[in-house]
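A short worksheet on the structure shown next.
The values are calculated or read from the model by the stated rules, or taken from the named source; none is laboratory data. Predicted model, so just to flag it, every value in this text is computed and none were measured. Glycine also receives a Cβ, built like all others from the backbone with ideal geometry; neighbour counts cover every protein chain displayed.
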Amino acid sequence: MAFYLTKRALSLLMVLLGLAVMIFVIARIVPGDPARIALGPLATANQVAELRQEMGLNDPIYVQLWHYLVGLAQGDLGKSLLTSRPVMSDILQALPATFELVLATVILQISISIPLGVLAAYYRDSWIDNITRILSLLGVVIPGFVLAIILQLLASYYFTSFPVTGRLDPSLDFQANTTGLLLIDSVIAGRPDVFIDALRYLFLPAIALAAGGIGQVMRITRSAMIEVGSRDFIEAARAYGIPERVITFRYMLRVASVAPLTILGLEFASLIGNAFVVEFVFSWPGIASYGVRTILQKDLNAVIGVVLVSGVFFVIANLTIDVLLGIIDPRHRIRGAQKA
Amino acid sequence: MTGEPILGISGLDISFTSYGQKSQILHDVSMHIDQGERVSLIGQSGSGKTVTMRTIIGTLPMPPAIIERGSIRFEGTELLTLDKRARNRLKGTGISIVLQDPMLSFNPLLTIGRQMDDVVRFADIRLNISRRRADRTARIHEVLRNVQLADPERICSAYPMMLSGGMRQRVLIGMALLNSPRLLIADEPGTALDVTTQQEILVLLNRLVDETGMSLMLITHNLGVVREMADRVYVMERGRIVETGTRAEIFNNPQHGYTRRLMEAVPSLYGSRVTDVTNERAEDAMIKVRDISKDFPLRSGLFNRQVGITRAVKDVELTINRGDIFGIAGESGSGKTTLAKMMLGLFDATDGAITMDKLNVHDAAGSRDFRKLVQIVYQNPGSSLNPKRTVADQLSVPLIFADFDRSTIAARIRELLELVDLPARYASMYPHELSGGQKQRVAIARALSVDPKILVLDEPTSALDVLIQNVVIDLLQRLRSELDLTYVFISHDLSLMRNFCNRVAIMFRGEICEQGETPDVFANPQHPYTRALLSAIPVLTDEEAAQKPIIEASERNAVLLSTTTLN
């Protein structure tokens, strides 16, 4: 298992390095002079040239890249032209809110889609199956931001206990300083009122963000369960008198969970993309609002930083999935080990 | 017959519904199995054997199945009306099963020990027995030793994929025996395995029946297996029991036409029913395999470094003449498929060279000329044909590549279908509308479309029933003489090879251990592995059995891998 993990972690580091190089190069070759944009139209040619020199824009691109990577290895993402602060600290400030939202979304996805998929497979072709089919179709076809707006409208008229903007009631006066995650920090600080309030704020954006993934993963769980259910070892288990409950969970779901988990990992990329829009709709103080502002301002260091952070998210999510698959399916870890 | 039989089925009618249509699958099936008796149920696929088995063990999905009429009594208890709890109590403890494919009958994610423990633990719960985990483990180890597995502890901690097919089959039998069932149902035991392993499994089953006094119901299509395993036989055709009798009655004096056809369709290994195949053409080397080897890299470690090689084919030397039907036999892993792929230019040889009709395969592979020279027919037509395209579509693909004019393609397709005895209207059908034999004929037609001179036949009949196998074999014989073809026939079925090939080569661990004219090799096998293979084949008559080569246990163990110990 340790071998398997090292191998996976190493290959994911390579992915991140590749991403950093690619996004850096793309950011440098797009037209437009960052120094000019930063200084505004009124700056003199001299001032621009000075800033270019200061930012190192006159060096050859591979030198710039090298400086950037060295900085990156030390946790330095450069300075934001927009806020004049280190990009790293800007991102670290906005990150927890996004992380909390994404985490809540994934938990929601897993805890809704897999049980529903199992149910749909178990009651195949019954009304339960049909209803989940319609739900998943709706979840997949309605874009996240449309759902976000619909939910917002519904909440402001009918379900007013779910706030439609922000992350926490400002009157609560609470600073999430330990982990940055409201749900965890409120528990640490012993503030149940904050915990409940944070949940209320989290609910709608998380639903809006989770819907597409839920639909997909649910259908995949269903078909994987049905496929596994027709395998010989399930018939054998039935004939040996193993109870149906044990067969469904230990024998079928365990084997069937490989496909939905893999999809969940891949879905993560579109989840991050959707998070940008959904955060915007709900005025969620996460990395999205920062990302959108910096992109519009061509604040290159910040843009690269945001993309890299999204990449880290994706890579960590997939590493987690790989570890889970390794635990669930011995073939994932033993195949490598046997050859060694 | 004394007392009530352990299992009695009478007047069983079963129907299936699909999309509102009802069709009857079993018609008035009656049979019985006595205490300690070994009864065999034989028939082709689709004859209703599996439905019968599932009804007995209670895993028949209802719906779509409906039991219309009849009764199944087990030890005097009517199973069909028994309440669910009592029925479940019998599962694994009264009646147990060994499913066909040991590769597919395990949960791939759980250790063997865990799966076996589940079987014992839930049986204990059903029977209100309380046993500690250590006691259950002791029982599991006892059973594993009883199926001759030497190292129960290591087997228990292994995952299914770590065991060989033969070992899995043993574990599977052990799994069925964990709760000491009184009736064991074995569905095609060992048929998914190599013939030498199959023989060991049959010997083991026979011994277990003798020792435990349990009854055995053996479901199979292999008449040779029946002869070695059954006291009494039921023959099933299209959902009906058409004949029943003792083994001697069935084998010596079959009454029903279907039974007789089945018997005649089984190719003989020895005796008067064997046909010798000859090549009438003057000797003219068509395929020359010169000292060929193939290595596969073994990769491992963090950067997938190459850490070693496996030599799949070692220094093979063959000459196949124009008009030959050349058989390459061997068990799984012997390298026969690798050799065939090298002949087809799909693998590049590590050493040595192959010439096919004067073309060097290494240079010509992938060229138009080479594709027109050699074609292949795969084992399973169900997966080698594209399920989403019509027969005509599939036949036209190679024709387009071979520069056939659009206007002549339709005519050529009709011609090809006629060649393989299929009516022209089949051109517009999809593979799922065809039977297995018809699909394989389409696959043959596809291979013939570009008018090749050499056909590589990779187990072309092993996915087919024995009656259909003969039709396909006859077709191949006819095509050889009509179209002047040369066949390379790859198979593990030596009985078929005896009657279909004029020359054979036996492959053993990547090497050719023996080759020659078919009658010579079979009459006087030199290599111990050839003898081990031949002696393991289940045959139909005592006369044939007597002519099989005899092999000493020590000699046999030297050439066969052990299925009883982990290596």
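At-a-glance table
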| read-out | value |
| --- | --- |
| Verdict on B:Arg73 being within 34 Å of the chain's Cα centre (by Cα), more than 7 Å from every other protein chain (Cβ to nearest Cβ) and either among the polar types (S, T, N, Q) or over 21 Å from A:Glu235 (Cβ atoms) (or both) | yes |
| Residues that are closer than 27 Å to B:Arg87 by Cβ and within 30 Å of the chain's Cα centre (by Cα), drawn from region B:119-161 | B:Val119, B:Ile140, B:Val143 |
| Answer from B:Ile112, B:Ile125, B:Ile140 - the residue that is within 24 Å of B:Phe74 (Cβ to Cβ), within 14 Å of chain A (Cβ to nearest Cβ) and among the β-branched types (Val, Ile, Thr) | B:Ile125 |
| Strands (runs of 3 or more DSSP E) within region B:267-353 that include 1 or more residues more than 28 Å from B:Asp474 (Cβ to Cβ) | B:285-300, B:305-321 |
| Restricting region A:18-37 to residues that are charged (D, E, K, R) and surrounded by 15 or more Cβ atoms within 10 Å (Cβ to Cβ), the residue that is nearest to the other protein chains (Cβ to nearest Cβ) | A:Arg28 |
| Test: residue in region B:475-491 that is part of a loop (DSSP other than H, G, I, E, B), out of contact with any Asp or Glu (no Cβ under 6 Å at 6 or more places or on another chain) and under 30 Å from B:Tyr430 (Cβ atoms) | yes |
| Hits in region B:72-99 (condition: surrounded by 16 or more Cβ atoms within 10 Å (Cβ to Cβ) and free of Cβ contacts under 8 Å to residues at least 60 places away in the same chain) | B:Leu79, B:Leu82, B:Arg87, B:Asn88, B:Arg89, B:Leu90, B:Lys91 |
| Residue count, region B:324-364 (criterion: farther than 18 Å from B:Thr310 by Cβ and of a type outside the set (A, V, I, L, M, F, W, C)) | 9 |
| Residues of region B:524-567 satisfying the condition of being surrounded by fewer than 21 Cβ atoms within 10 Å (Cβ to Cβ), in contact with a strand residue (DSSP E or B) (Cβ under 8 Å, 6 or more places away or on another chain) and in a loop (DSSP other than H, G, I, E, B) | B:Gln526, B:His527 |
| Selection status of B:Arg85, charged (D, E, K, R) and under 24 Å from B:His221 (Cα atoms) | no |
| Residue list for region B:535-563, restricted to those being within 17 Å of B:Ile250 (Cα to Cα) and touching a residue at least 24 places away in the same chain (Cβ under 8 Å) | B:Pro538, B:Val539, B:Leu540, B:Thr541, B:Glu543, B:Glu544 |
| Counted residues, region B:408-449 - those being in a loop (DSSP other than H, G, I, E, B) and closer than 30 Å to B:Leu494 by Cα | 6 |
| Enumeration of residues in region B:440-495 that are of a type in the set (A, V, I, L, M) and closer than 19 Å to B:Thr220 by Cβ | B:Ala463, B:Leu464, B:Val466, B:Leu467, B:Ile468, B:Leu494 |
| B:Ala186, sole failed condition from (1) under 21 Å from B:Val203 (Cα atoms); (2) more than 13 Å from every other protein chain (Cβ to nearest Cβ) | (2) |
| Any hit, region B:90-103, residues being at pLDDT 85 or above, of a type in the set (D, E, K, R) and out of contact with any Gly (no Cβ under 8 Å at 6 or more places or on another chain) | no |
| Which numbered condition B:Thr111 misses (of (1) under 29 Å from A:Ser257 (Cα atoms); (2) crowded, with 22+ Cβ neighbours inside 10 Å; (3) among the β-branched types (Val, Ile, Thr)) | (2) |
| Breaking point among (1) modelled with pLDDT under 80; (2) more than 14 Å from every other protein chain (Cβ to nearest Cβ), for A:Asn301 | (1) |
| Pair list, Cβ < 6 Å and 6+ apart or interchain, from region A:226-249 residues that are closer than 16 Å to B:Leu60 by Cβ to residues that are surrounded by fewer than 14 Cβ atoms within 10 Å (Cβ to Cβ) and at pLDDT below 85 | none |
| Selected residue [small (Gly, Ala, Ser), within 14 Å of chain A (Cβ to nearest Cβ) and either out of contact with any Asp or Glu (no Cβ under 7 Å at 6 or more places or on another chain) or closer than 30 Å to B:Ile33 by Cα (or both)] from B:Ala176, B:Ala134, B:Ala150 | B:Ala176 |
| Of the criteria (1) within 11 Å of chain B (Cβ to nearest Cβ); (2) surrounded by fewer than 21 Cβ atoms within 10 Å (Cβ to Cβ); (3) aliphatic (A, V, I, L, M), which one A:Leu266 fails | (1) |
| Set B:Leu339, B:Leu269, B:Leu359, B:Leu298: member being more than 18 Å from B:Gly516 (Cβ to Cβ), more than 14 Å from every other protein chain (Cβ to nearest Cβ) and either exposed (fewer than 14 other Cβ atoms within 10 Å of the Cβ) or not charged (D, E, K, R) (or both) | B:Leu359 |
| Selected residue (criterion: modelled with the lowest pLDDT) from residues of region B:418-435 that are surrounded by fewer than 19 Cβ atoms within 10 Å (Cβ to Cβ) and within 24 Å of the chain's Cα centre (by Cα) | B:Ser435 |
| Residue that is buried (at least 23 other Cβ atoms within 10 Å of the Cβ), more than 14 Å from chain B (Cβ to nearest Cβ) and among the aromatic types (Phe, Trp, Tyr), where the choices are A:Phe282, A:Phe313 | A:Phe282 |
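Residues are listed down the side, and each one gets a yes or a no for (1) more than 30 Å from A:Leu182 (Cα to Cα); (2) surrounded by 13 or more Cβ atoms within 10 Å (Cβ to Cβ):
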{"position": "A:Ala9", "(1), (2)": "no, yes"}
{"position": "A:Leu16", "(1), (2)": "no, yes"}
{"position": "A:Leu39", "(1), (2)": "yes, yes"}
{"position": "A:Ala49", "(1), (2)": "yes, yes"}
{"position": "A:Pro60", "(1), (2)": "yes, no"}
{"position": "A:Trp66", "(1), (2)": "yes, no"}
{"position": "A:Leu69", "(1), (2)": "yes, yes"}
{"position": "A:Gly75", "(1), (2)": "no, no"}
{"position": "A:Gln93", "(1), (2)": "no, yes"}
